[in-house]
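Structure, as structure tokens:
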Amino acid sequence: MRRQVRVFSASFILCTGTASAESFLPQEAAIALERKAIRGDHEALEHLRRAAVDGALTARLALGAMFLLPGPMRNTPEALNWYRLASDQGDSSAAFNVGALYARGDGVARNPEAAVRWFTIAAERGDVQAKYNLALFYSRGEGVPRDELVALRWGRAAAEGGDAQAQYWMGIHYYEGSDVPRDIAEATKWFQQAAEKNHALAQSALCDLYVKGDVVAKDYAAATRWCEKAATQGVAKAQNNLGVMYFNGYGVPRDHSEARKWFQKAKDQGDPTADKNLREMERAGPRAPT
């Protein structure tokens, strides 16, 4: 699998190519040669180059990844060359990586139009992360005219393909009624799918929904469970909400010491509500923060 850092999230498969038998290099062999080349083995590097020139997809992907590593070997133009050639053999991850480099301006001039072209190639080959990135580009009008309908089509395709960030993005659209009719039940569905993949912001959103009980039944136990998951991952809003749960005994035994701990964590991240709740705890004692 050859992936680079995802473009817009803190949140990058080796496809079968069209190489002939003469240009075939097993993936395990390509990886072994790549590791040797990284350690300075010039013979291994030349072996990879010859295989790549002969059309071995695995060698082209290995060289593309190797020339993007930090350090003296980094050579973005050469990485782009090998990824383009790998993409010509039908590899979706290679097309994605070219798009990612142009999207970030990583070693090349930033070029949103080129990024969209390459992400489209990858997306049409089924790459779900490329589909999500296209949703963002079309939503922002970056590299293409803004078109929220096209953005939603790509975003839904990525979400249905299992991409957690895209699922959260769809949930936000339905929750806010942004370019789609507001639909809390649909938002909850997408948040749930993303949260089950450990997406912290989706977990925090589910916590809010279960506390409010607008569409899903109010469920403090479920709210606490999702808040704990998000808070543990560092979401300040979830940390504050978990503090409220412990202060009031919502879904957990009342525990002011635990409440103070979570308020403090959220405050340390600059959450103003947590700061207010801490000061209120000191001033009013048993009065419940909100």
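Taking the criterion of being of a type in the set (A, V, I, L, M) and under 21 Å from ASP147 (Cβ atoms), the residues of the range 168-212 that qualify are MET170, ILE172, VAL180. Just wondering, is there one or more residues in the range 218-238 that are over 22 Å from TYR168 (Cβ atoms) and in a loop (DSSP other than H, G, I, E, B)? The answer is yes; a qualifying residue exists. Beta carbons closer than 9 Å, at least 6 apart along the sequence or on distinct chains, pair a first residue in the range 148-165 that is more than 12 Å from TYR138 (Cβ to Cβ) and modelled with pLDDT of 95 or more with a second that is basic (Lys, Arg) and surrounded by fewer than 19 Cβ atoms within 10 Å (Cβ to Cβ) for GLY162/LYS197; ASP163/LYS197; ALA164/LYS197; GLN165/ARG6.
Of the helices (runs of 4 or more DSSP H) entirely within the range 44-135, those holding at least 2 residues that are of a type in the set (A, V, I, L, M) and farther than 20 Å from GLY155 by Cα occupy 57-66, 76-88, 92-104.
Yes/no matrix, rows are residues, columns are (1) buried (at least 17 other Cβ atoms within 10 Å of the Cβ); (2) of a type in the set (Lys, Arg); (3) at positive phi:
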| position | (1), (2), (3) |
| --- | --- |
| VAL215 | no, no, no |
| THR224 | yes, no, no |
| CYS227 | yes, no, no |
| GLY234 | no, no, yes |
| ASN241 | yes, no, no |
| MET245 | yes, no, no |
| ASN248 | no, no, no |
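In this structure, TYR138 does not qualify as under 24 Å from LYS197 (Cα atoms) and touching an Asp or Glu at 6+ places or on another chain (Cβ under 6 Å). Applying the selection to the range 251-266, what residues are surrounded by 14 or more Cβ atoms within 10 Å (Cβ to Cβ), part of a helix (DSSP H, G or I) and among the small types (Gly, Ala, Ser)? Scanning the range 251-266 gives ALA259, ALA266.
The values are calculated or read from the model by the stated rules, or taken from the named source; none is laboratory data. Computed from a predicted structure; not experimentally measured. Backbone-built Cβ (ideal geometry, glycine too); neighbour counts: all protein chains shown.
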